[in-house]
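The values are calculated or read from the model by the stated rules, or taken from the named source; none is laboratory data. None of these values were measured; they are calculated from a predicted model. Every residue, glycine as well, gets a Cβ built from its backbone with ideal geometry; the counts of neighbours run over all protein chains shown. SASA here: full protein model, heavy atoms, side chains in, ligands and nucleic acids out. Shrake-Rupley method; radii C 1.70, N 1.55, O 1.52, S 1.80 Å.
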Amino acid sequence: MHSIHTTVDLTMAESEAALRVALGDQGFGVVSEIDVAANLRAAMGLEREPLKILGACSPKLVVEALQLDPSVALVLPCNVVLTPAGEGTHIAAVDPRELMTDPRFTALATEAAEALVAALGALGGAVSETVA
């Protein structure tokens with residue numbers, strides 16, 4: 001899957017706090033969060049490395065997308081995933097251009113991707129866009 005990602009020299013907690021601010025600066029709010037490691041520990045007693053999923057949503061972009069096609073709700077919000085990476089944190093966001101391939105969404109998906117690139121870039125690491 002295509003992703004927009006970076007690795008930063010911050011702890012998971014520091015990365016998450018900085019990411020929430022950076023997303024907010026780009027018009028995104030965090031509307032959901034899943035602590036995968038904690039959920040697996042509670043449900044199955046399974047221990048694994050930390051993995052946190054934040055659901056990022058831009059109300060402006062959501063309204064525009066839903067006006068084009070209400071079924072776009074199936075791919076909302078944009079997931080942003082934090083995992084440990086050595087002494088830092090790897091942060092990866094889903095690339096909205098891959099999720100919304102209908103030509104009607106090209107401008108919106110590009111705008112969302114550019115905002116995610118800017119948010120991740122604000123954290124200080126080099127941002128890449130690759131197939132994961």
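Table: residues versus (1) at pLDDT 95 or above; (2) in a helix (DSSP H, G or I).
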{"site": "82", "(1), (2)": "yes, no"}
{"site": "92", "(1), (2)": "yes, no"}
{"site": "98", "(1), (2)": "no, yes"}
{"site": "101", "(1), (2)": "no, no"}
{"site": "107", "(1), (2)": "yes, yes"}
{"site": "116", "(1), (2)": "yes, yes"}
{"site": "124", "(1), (2)": "no, no"}
{"site": "130", "(1), (2)": "no, no"}
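Every condition in (1) touching a Ser or Thr at 6+ places or on another chain (Cβ under 8 Å); (2) farther than 27 Å from residue 125 by Cα; (3) among the hydroxyl-bearing types (Ser, Thr, Tyr) holds for residue 71 except the one numbered (1).
So, residue 73, is that one over 19 Å from the mean Cα position of the chain (by Cα) and open to solvent by 50 Å² or more (accessible area, probe 1.4 Å) or not? I'd like the intermediate steps shown before the answer.
Values: over 19 Å from the mean Cα position of the chain (by Cα): no; open to solvent by 50 Å² or more (accessible area, probe 1.4 Å): yes.
Answer is no for this residue.
Confirm whether residue 85 is open to solvent by less than 30 Å² (accessible area, probe 1.4 Å), in contact (Cβ under 8 Å) with a residue 12 or more places away in the chain and within 15 Å of residue 7 (Cα to Cα). Considered against the rule, which asks whether it is open to solvent by less than 30 Å² (accessible area, probe 1.4 Å), in contact (Cβ under 8 Å) with a residue 12 or more places away in the chain and within 15 Å of residue 7 (Cα to Cα), residue 85 comes out as no. One residue stands out in the stretch 19-31 among those that are closer than 14 Å to residue 93 by Cβ and outside any loop (DSSP other than H, G, I, E, B): the one that is most open to solvent (accessible area, probe 1.4 Å), namely 20. Does any residue of the stretch 53-70 turn out to be part of a loop (DSSP other than H, G, I, E, B), under 20 Å from residue 5 (Cβ atoms) and hydroxyl-bearing (Ser, Thr, Tyr)? Yes, that holds for at least one residue.
Selection within the stretch 1-18: residues that are in a helix (DSSP H, G or I) and open to solvent by 40 Å² or more (accessible area, probe 1.4 Å). The member of this set that is nearest to residue 85 (Cα to Cα) is 12.
Assess whether residue 45 counts as being at pLDDT below 95 and either surrounded by 14 or more Cβ atoms within 10 Å (Cβ to Cβ) or on the phi > 0 side of the Ramachandran plot (or both). Spell out the reasoning first.
Numbers: at pLDDT below 95: no; either surrounded by 14 or more Cβ atoms within 10 Å (Cβ to Cβ) or on the phi > 0 side of the Ramachandran plot (or both): yes.
No; evaluated as a whole, the condition is false for this residue.
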